[in-house]
Amino acid sequence: MESPHTFEHIEAYLEGRLSEQERRSLEQQMATDAELARKVEHHRRVHEGLRSIARDELKAEIAAIQREMQGKVRPLFGPVAYRMAAAVLLLFVLGIGYWWLALRPTPERLFAQHFAPHELRLTHMGEPQQEEAALTAFRQAYEAGDFARAIEAGTHYLAQPDTARKADSLVLLGLGNACLAQGRAEEAVSYLEQLQDKYPSDLGRWYLGLAYLADGRPQAARQTFEALLADESSNFRKTEVQEILQRLK
């Protein structure tokens, strides 16, 4: 089911701007909707990362001023005083800059706002023993969130002869997601393009569009999402797709 919680709604939750009823409603849904919970966590990490950047820059500036002041007497309106004033101004500017950065719709930021690893449904496929073992290793690593090991196991599975493999579509989707979770956008694009070429689906197109965003290819992402939106027979993530396309303008 498509989540009604938009980027702005989640931002308001993280900033404490929701009403008590809205906050409880969102947290109750997060408790039962793993995808929404992961999306909120991604938003939280973006917030914390930007705050860390601003905080580190300000600390460095103040530390430099303190080193200059040690053992020295300066006029009230000397260079150090001006630098102290500049540090205060820097704090103000960084505060504004933080919100500007948080809202600026770069492809990478749009990816972070909308990506959450897909929950794969991999079961026993009745494959030969070697292929089944590789598939089991892939599934266990993916479900545990050990995406580096999942990529290794999934790659090993795809190295088997085509005739022995029955779960290519799920493994390609999982590899694309695992690579995105690991920050390996170019590899994710490769796996998800293979998925769409061989087993086209709305789900695959959605993650391919996100992979293009993560890889810094907004034009390719726009075309992919427009194709997804143009399918009148499907309402797959329609609200999110419209939001992304609006921000890519």
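The values are calculated or read from the model by the stated rules, or taken from the named source; none is laboratory data. Bear in mind that the values here come from a model prediction, so they are computed numbers and not experimental data. When we count neighbours, we look across all protein chains shown, and the Cβ atoms used for this are built from the backbone with ideal geometry, even at glycine.
Considering each of Val171, Val189 in turn, give the residue that is crowded, with 23+ Cβ neighbours inside 10 Å and hydrophobic (A, V, I, L, M, F, W, C).
Val171
Is it true that some residue in region 184-194 is within 15 Å of Phe115 (Cα to Cα), within 15 Å of the chain's Cα centre (by Cα) and not in a helix (DSSP H, G or I)?
Within region 184-194, one or more residues are within 15 Å of Phe115 (Cα to Cα), within 15 Å of the chain's Cα centre (by Cα) and not in a helix (DSSP H, G or I).
I want to confirm something. Restricting to region 150-167 and keeping residues that are at pLDDT below 90, in a helix (DSSP H, G or I) and out of contact with any helix residue (DSSP H, G or I) (no Cβ under 6 Å at 6 or more places or on another chain), which single residue is farthest from Glu193 (Cα to Cα)?
Among residues in region 150-167 that are at pLDDT below 90, in a helix (DSSP H, G or I) and out of contact with any helix residue (DSSP H, G or I) (no Cβ under 6 Å at 6 or more places or on another chain), the one farthest from Glu193 (Cα to Cα) is Thr163.
Being without any contact (Cβ under 8 Å) to a residue 24 or more places away in the chain and surrounded by fewer than 16 Cβ atoms within 10 Å (Cβ to Cβ) is the filter here; which residues of region 156-168 pass it?
Scanning region 156-168 gives Ala159, Pro161, Asp162, Thr163.
Determine, yes or no, whether Phe147 is outside the structural domain of His42 (by TED's automatic domain parsing), out of contact with any Gly (no Cβ under 7 Å at 6 or more places or on another chain), of a type in the set (Phe, Trp, Tyr) and modelled with pLDDT of 95 or more.
Taking the combined requirement at face value, the residue satisfies it.
Out of all the residues in region 223-230, is one or more more than 19 Å from Leu110 (Cβ to Cβ) and free of Cβ contacts under 8 Å to residues at least 60 places away in the same chain?
Yes - at least one qualifying residue is present in region 223-230.
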